Amino acid sequence: MMKLTQKYASKPIEELPLLFQRILQNTIRDYYRRQKIRSLWTTLFSAFTPGDRDKNQEDFDILETLQIKQESNFAKEPDAQLESAQLIGLIEKAMEILPARQREAFILRYWEEMSLAETAVIMKCSEGSVKTHCSRAVHTLAKILGEKGVKL
């Protein structure tokens, strides 16, 4: 409803029901696309965690495995801390290798969880260009991490 009132307030009343239906359909599609991408990356990053979490599969949170604040009371085994630190280093290095536009698109879409339209506005390009940059970034990251021995 908010999108309809913000963008199409000047349209004739007869067009509003169809516009609302289209906005609703697109919003639902965007939501499920975003969920699909998030679950893909969560699945990929879950391969980076130690193998002893099989019994607590539902409690797994990717953010907890990748970054722990120093002042946290959460104690980890030294080998798990080392593995986590090495993994973060590999991901950061792989991100640095990406061209600037691909890195920007990837971070905005998948880490900042921005919509395709928002990302296109920020990057000052078309939505198609954002999709292309994101796709290339994903393939490049998978290739780089695969070459480093990270199994996806």
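The numbers here are math on the coordinates, done by the rules we state, and not lab data. From a predicted model like this one, the values you see are computed outputs, not experimental measurements. In this analysis, Cβ positions are derived from the backbone assuming ideal geometry, glycine residues included, and neighbour counts consider all displayed protein chains.
Couple of notes before you dig in:
- Cleavage-rule hits, GluC sites (Glu not before Pro), region 108-152, DSSP coil, Cβ neighbours within 10 Å at most 12: Glu112, Glu113
- The simple spin-label model puts a point 7 Å past each Cα toward its Cβ; for Tyr32 and Glu127 those points are separated by 1.6 nm.
- Summed residue charge, Cβ within 9 Å of Thr119's Cβ, Lys/Arg positive, Asp/Glu negative: -3
- Pairs from Lys124/Lys148; Lys3/Lys124; Lys11/Lys131; Lys7/Lys36 whose Cα-Cα separation, in the structure shown, is over 25 Å: Lys124/Lys148; Lys11/Lys131; Lys7/Lys36
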